[in-house]
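Structure first, then comments.
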Amino acid sequence: MGGKNNSAKRKGKKSGKPQRDQAGAGSSAGNDFRRADFTGSQVLGHGTMNTYLQQYAPVPTALDALPPPPVGFTGREDDLAYILGVLDPDRTGEGPAVAVLSGWGGVGKTTLAYAAGHAAQKHGWFTGVLLVDLHGYDPQPAQAEEALEALLRSLGVPHEHLPPPGAGREALYRSQLNARQEKGQRLLVVADNASAIAQVQPLVPPGHHGMLVTSRHRLTGLGRMRTVNRLQPEDAIALLDAALKNNDPDDPRVGEDPAAAERLASACGYLPLALQITAALLAQDPGQPLSERADALGGTDGILDGLDDGERSLRTMFDQSLERLTPQEQDLFRLLALNPGPDISTPAAAVLVEQPQPATERLLARLAASHLIERTPAVRGRWQMHDLLRAYAHEQAAATMDRGRAPRRRYDQARDRLIHYYIQHAQAADTHLDPPGSPVSARFTDREQALEWFDAERENLMATAHTTPQAGLDLSFALGSYLQWRRHLQDNVVVNALALDACTKLKDNLNRAGVWSNLGFALQELRRFDDALHALETSRDLYQQTGNTNGEATAWNNLGTTLKDLRRFDDALHALETARNLHQQSGNTHGEASAWNNLGTALQELRRFDDALHAHQTSRNLHQQTGDTHREASAWNNLGTALQELRRFDDALHAHQTSRNLHQQTGDTHREASAWNNLGTALQELRRFDDALHAHQTSRNL
């Protein structure tokens, strides 16, 4: 696996600059105690501050225990304030002054810890700093006993006085720190790159000393926790600019093309390590425009190849995190790459791994604790993955599938299960949006729950529609009512265009007319009336050829509303009368009611208000008979506009109020806003201007 990549692997004794969390692969300039020959320690005076440092043999001089943050450190004001609040000796509250910084690899935890340590020293809170790198994500992480030995040597304990591994070593460590506390000293222990609580727990200092811990895992129970997130876009651009200017103070590229710099920062995921690697690669090619580099990183294929400068590699960082997972966790991480959308629910993830939801949720929680995925902030029980980690997961899944026929078949089956899950649930949710009297699925308790599921899964469903022709076709019918309900009009056009292409690929002539009809309706809603007219005429002709009277009537109905929008009112009247008559012949009361309502709007355009009034009243009565509250509300709204034209403003007011109330009941915010607006015009005619103002303001806000 990727952990064997030498670009992030330590090679015996230290040589050159170590890799750090913001500028490298997560190690620091602290104690590498496993391969060093300890000969003693030194105390360096810095004014009134003494910093205890480790000396390596045969190196004759000590290294600085707390390296300065790299050039371009920025954007961590809130994090620094939080950490300093934990380390402040005058803080309120009980508990040790221990802050645990967690986040995924390359997000800048180590750098932030260094910056916090320097800031605390400037406040005069600590008389010294002990720094130890636990190498928690190396093939052989440091053990607590080794860390204690290194820290004791840093505290000046001679070799011959070191206890053997065991409880005595921890006791001596604590006694040394207690002795320094009695002398008025306060030390800060920085434990970098921890991967397990067992590495850190024995190192927690007693008394009033402080501690900073960095880890890619959430190490609960040690102290106050802080998740380190990606940089904000403006801070990421500032880091990129500073890193470029560190190599060449005259590098003008960020200032000359800020739009490309923003694209490049976005392609790097606003991740400090990725930005530092990108800056190094740009420094190697001073003539490369930022836009060219951004284009190279813009695609998902091979993006991780572009984030490797020969010394630091984002892929290697991810490899190290993946290798710390159990086989089950690794398997789920790879399978999550099969989800076509931006996030996934716990039930959908359980479908991928064919496990019960509680077991799947435990695995997901452990991945989140490792910062390889994260919980979505708005909705409980949903999980998301950063784009760069998603690209890595895709690589891992592809590599697994390439190992043989059995792994590929397993992944194909998992993908098919997930697609089937999305389609089945979308079809079940759609039954709750059908006219009353139609059978509804027991998967959802009511329309509200079905709409909530659609809202949560819309992006996944749209992405699933692109996976296979059959998925595109099935989801076009399952999503149409929802997308129109929530006014996702462009999505409705897209999914129906996919379905039309699927009909060709699948040689499915049976559904072609229905897809043309749905596409025409979606285009009409987007006011692309000429395109809608062509689609609906095609649908009508196909239905006529197959003798599907009900389908033909639906096409005529939608065709009539499109002709009305094109101001071809006589043609619209003919189309809508034809739709009404065909629905009457086939006994489709719901379709007939819809045609009567649309016919009324065309009659209003022709100034035939008495006829329009009759049409809308008929539509309302038929919808009441079928129990279709949603469409009854639309009939009431149109009835109100006809009554206004007839100067029957009190009756119009009642009609619009009824429409508004019914739309509120069904949760159709778009049409409720229309009813409020028409209500406002009726109130104006009644000279109730304050009430009218309120109505129009409510409509605007909806």
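The values are calculated or read from the model by the stated rules, or taken from the named source; none is laboratory data. Only a predicted model underlies this, so the values are computations on that prediction, with no experimental measurement involved. FYI the Cβ positions are ideal-geometry reconstructions off the backbone, even for glycines, and counts take in every protein chain you see.
Going through (1) within 21 Å of the chain's Cα centre (by Cα); (2) surrounded by fewer than 18 Cβ atoms within 10 Å (Cβ to Cβ) one by one, ALA274 falls short only on (2).
Listed by position, the helices (runs of 4 or more DSSP H) inside region 329-440 whose residues that are within 30 Å of SER594 (Cα to Cα) and touching a Ser or Thr at 6+ places or on another chain (Cβ under 7 Å) number at least 1 are 405-430.
Here ARG153 fulfils each of the conditions (1) at pLDDT below 90; (2) among the basic types (Lys, Arg); (3) buried (at least 23 other Cβ atoms within 10 Å of the Cβ) apart from (3). Restricting attention to region 465-523, the residues that are within 23 Å of the chain's Cα centre (by Cα), in a helix (DSSP H, G or I) and of a type in the set (Val, Ile, Thr) add up to 2.
For region 159-168, state whether one or more residues are buried (at least 18 other Cβ atoms within 10 Å of the Cβ), within 28 Å of GLU323 (Cα to Cα) and in the same structural domain as THR214 (by TED's automatic domain parsing). No, there is no match, as no residue in region 159-168 is buried (at least 18 other Cβ atoms within 10 Å of the Cβ), within 28 Å of GLU323 (Cα to Cα) and in the same structural domain as THR214 (by TED's automatic domain parsing). Residues in region 556-572 that are surrounded by fewer than 20 Cβ atoms within 10 Å (Cβ to Cβ), in contact with a helix residue (DSSP H, G or I) (Cβ under 6 Å, 6 or more places away or on another chain) and part of a helix (DSSP H, G or I): ASP565, PHE569, ASP571.
To keep it simple, each residue is scored yes or no on (1) closer than 25 Å to TYR411 by Cβ; (2) touching an Asp or Glu at 6+ places or on another chain (Cβ under 6 Å); (3) crowded, with 23+ Cβ neighbours inside 10 Å.
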{"residue": "THR278", "(1), (2), (3)": "no, no, yes"}
{"residue": "ALA296", "(1), (2), (3)": "no, no, no"}
{"residue": "ARG312", "(1), (2), (3)": "no, no, yes"}
{"residue": "LEU325", "(1), (2), (3)": "yes, no, no"}
{"residue": "ALA350", "(1), (2), (3)": "yes, no, no"}
{"residue": "GLU361", "(1), (2), (3)": "yes, no, no"}
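Of the residues that sit in region 440-464 and are among the hydrophobic types (A, V, I, L, M, F, W, C) and more than 18 Å from the chain's Cα centre (by Cα), which one is surrounded by the fewest Cβ atoms within 10 Å (Cβ to Cβ)? Step through it out loud before you land on a result.
Step one: list which residues in region 440-464 are among the hydrophobic types (A, V, I, L, M, F, W, C), which gives 440, 442, 444, 450-451, 453-454, 456, 461-463.
Now narrow it down to the ones that are more than 18 Å from the chain's Cα centre (by Cα): 440, 442, 444, 450-451.
Working: VAL440: 19, ALA442: 8, PHE444: 20, ALA450: 23, LEU451: 19.
If we take residues in region 440-464 being among the hydrophobic types (A, V, I, L, M, F, W, C) and more than 18 Å from the chain's Cα centre (by Cα), then ALA442 is surrounded by the fewest Cβ atoms within 10 Å (Cβ to Cβ).
The criterion of at least 3 residues that are touching a residue at least 12 places away in the same chain (Cβ under 8 Å) and farther than 25 Å from GLU592 by Cβ is met by the following helices (runs of 4 or more DSSP H) wholly inside region 604-702: 649-666, 669-685, 689-701. Within region 302-320, restricting attention to residues that are out of contact with any Ser or Thr (no Cβ under 6 Å at 6 or more places or on another chain) and not in a loop (DSSP other than H, G, I, E, B), the residue that is nearest to PRO407 (Cα to Cα) is ASP319. Can you spot a residue in region 578-600 that is over 21 Å from HIS623 (Cα atoms), assigned to a loop (DSSP other than H, G, I, E, B), under 46 Å from the mean Cα position of the chain (by Cα) and touching a residue at least 12 places away in the same chain (Cβ under 8 Å)? Looking for residues that are over 21 Å from HIS623 (Cα atoms), assigned to a loop (DSSP other than H, G, I, E, B), under 46 Å from the mean Cα position of the chain (by Cα) and touching a residue at least 12 places away in the same chain (Cβ under 8 Å), one finds none in region 578-600, hence no. Selection of region 541-555 for residues being in a helix (DSSP H, G or I) and free of Cβ contacts under 8 Å to residues at least 24 places away in the same chain yields ASP541, GLN544, GLN545. The single condition from (1) over 26 Å from VAL228 (Cα atoms); (2) surrounded by fewer than 18 Cβ atoms within 10 Å (Cβ to Cβ); (3) in contact with a Lys or Arg (Cβ under 8 Å, 6 or more places away or on another chain) that LEU282 fails is (2).
Could you go through region 261-283 and let me know if any residue there is in a loop (DSSP other than H, G, I, E, B), in contact with a Ser or Thr (Cβ under 6 Å, 6 or more places away or on another chain) and not small (Gly, Ala, Ser).
Applying the first criterion (in a loop (DSSP other than H, G, I, E, B)) to region 261-283 yields 268-271.
Keeping just the survivors that are in contact with a Ser or Thr (Cβ under 6 Å, 6 or more places away or on another chain) gives 268.
Next, only the ones that are not small (Gly, Ala, Ser) stay: 268.
There is at least one residue in region 261-283 that is in a loop (DSSP other than H, G, I, E, B), in contact with a Ser or Thr (Cβ under 6 Å, 6 or more places away or on another chain) and not small (Gly, Ala, Ser).
Of all the residues in region 644-673, those that are small (Gly, Ala, Ser) and crowded, with 20+ Cβ neighbours inside 10 Å number 3.
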